[in-house]
1. What size of dipole, in debye to the nearest 20, comes out for the chain about its Cα centre when the only charges are +1 on Lys and Arg C-beta atoms and -1 on Asp and Glu C-beta atoms?
2. Could you work out the Rg to Rh ratio of the chain, with Rh taken as the Kirkwood radius (inverse of the mean 1/r over all Cα pairs)?
3. What does the charge count around Leu176 come to, taking other residues whose C-beta lies under 11 Å from its C-beta (Lys +1, Arg +1, Asp -1, Glu -1)?
4. Please give the net charge around Lys268, taking every other residue with its beta carbon less than 14 angstrom from that of Lys268, where Lys and Arg add +1 and Asp and Glu add -1.
5. How charged is the neighbourhood of Phe120? Take every other residue with its Cβ under 13 Å from the Cβ of Phe120, and add Lys/Arg as +1 and Asp/Glu as -1.
6. Given the C-alpha centroids of the stretch 128-145 and the stretch 201-225, what is the distance between them in whole angstrom?
7. Using just the helices of the chain, give the 222 nm mean residue ellipticity in deg cm²/dmol: DSSP H runs with n ≥ 4 each add -39,500 (n - 2.57), and the total is spread over all residues, rounded to 500.
8. Determine the dipole magnitude for the stretch 3-119: charges of +1 sit on the beta-carbon of Lys and Arg, -1 on that of Asp and Glu, nothing else is charged, the reference point is the Cα centre, and the result goes in debye to the nearest 20.
Amino acid sequence: METAYFNGKLLPKDEIKLSPDDRGFLFADGIYEVVRWYEGFFYDMSSHVTRLKRSLRELRINWSEADSFAAFAGNLIKMNNLENQPAMVYLQVTRGAARRSHSFPSPEVPPTVYAYAWGFMPDRNSMETGIKVMLKEDIRWSRCDIKSVALLPNTLSFQEACENGLKECIFIRNGLITEGSHSNIFFVIDNTLFTHPESNHILSGITRKNILRIAQESGIKIREEALQENRIRLIQEAFITNTSAELTPVTELGGNTIGEGVPGPVTKSIRTKFDNEIKALKG
Ligand code: PDD
């Protein structure tokens, strides 16, 4: 029986009951986080908690227990016997249940908090050989910096990629490449690493932040600048990052072959350094 976390308690998942008036259900009025368990530890949990608090603040959802995330996420891993395998924990916090109204519930209601854990198989083949991704106009709102559960443009776009045999959909806004439906994207041009700067048009990925740190420590030149769509032919290497894909090379972008169509040397060297960091943390 799967154990999940619901409003402060660890419960059999089947026993969890959500109100149909929950604002997460009615308005997608909530935020989420996804953390990765590496057989013994969560990768950079403190950054995930910091981002969680920021998302809550931006939506003005009051949940005072954000600091307990690491502890109950760890309990979910244990209770579901996931300690010795790659796993993920998903957390969602909504504004709670109240009669439907566009204004916030008054008086305030407690937030709804739900989390669960699952074991997963990293896509080693994609990480080794790279993926093909599509390009599409960014149809999302202007607060992509908030990790909101309102992900319809993301899911529709990713579904389109899947139906075309592609592994991610990368967005373009005003001629600039922003990020993927559920990842950040990096480019290498003349040994310089490019990625979109932190802004309201991208989610500030925890993996993005750590890859930038690793690249910087390796002496790689970094430019946090958005790349123009019309400069795609200059790209020599590309990769996406997120909590589950870690760093996955991109070999084709919107029908354009990147470099030689195989993962390039800068990508591979950052990937190796990331792997070494994980090995060192495993001890
Ligand atoms: N998504 N950009 C978007 C739009 C994302 O949804 C994600 C992560 C990222 C990368 O963030 P991080 O490195 O912190 O995982 C960037 C998660 C994995 C998801 O929605 O499941």
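No lab work stands behind these numbers, since they all come straight from the coordinates. Owing to the predicted nature of the structure, the values given are computational and were not obtained by experimental measurement. Neighbour counts are summed over all protein chains in view; Cβ atoms, including those assigned to glycine, are modelled from backbone coordinates with ideal geometry.
1. On the way: 34 positive and 35 negative charges, 92 e Å.
Here the chain has a charge dipole of around 440 debye.
2. Working: Rg = 19.5 Å, Rh = 19.9 Å.
Radius of gyration over Kirkwood radius for the chain works out to 0.98.
3. Working: positive: Arg173, Arg231; negative: Asp138, Glu179, Glu225, Glu229.
Here the charged neighbours net out to -2.
4. Details: positive: Arg271, Lys273; negative: Glu128, Glu237, Glu246, Glu260, Asp275.
Net local charge, Lys268 excluded: -3.
5. Details: positive: Arg36, Arg124; negative: Glu39, Asp123, Glu246.
Every neighbour counted, the sum reads -1.
6. 17
7. On the way: 7 runs with 79 residues, N = 283.
Calculated mean residue ellipticity at 222 nm is -8500 deg cm²/dmol.
8. Values: 14 positive and 13 negative charges, 66 e Å.
For this selection, approximately 320 debye.
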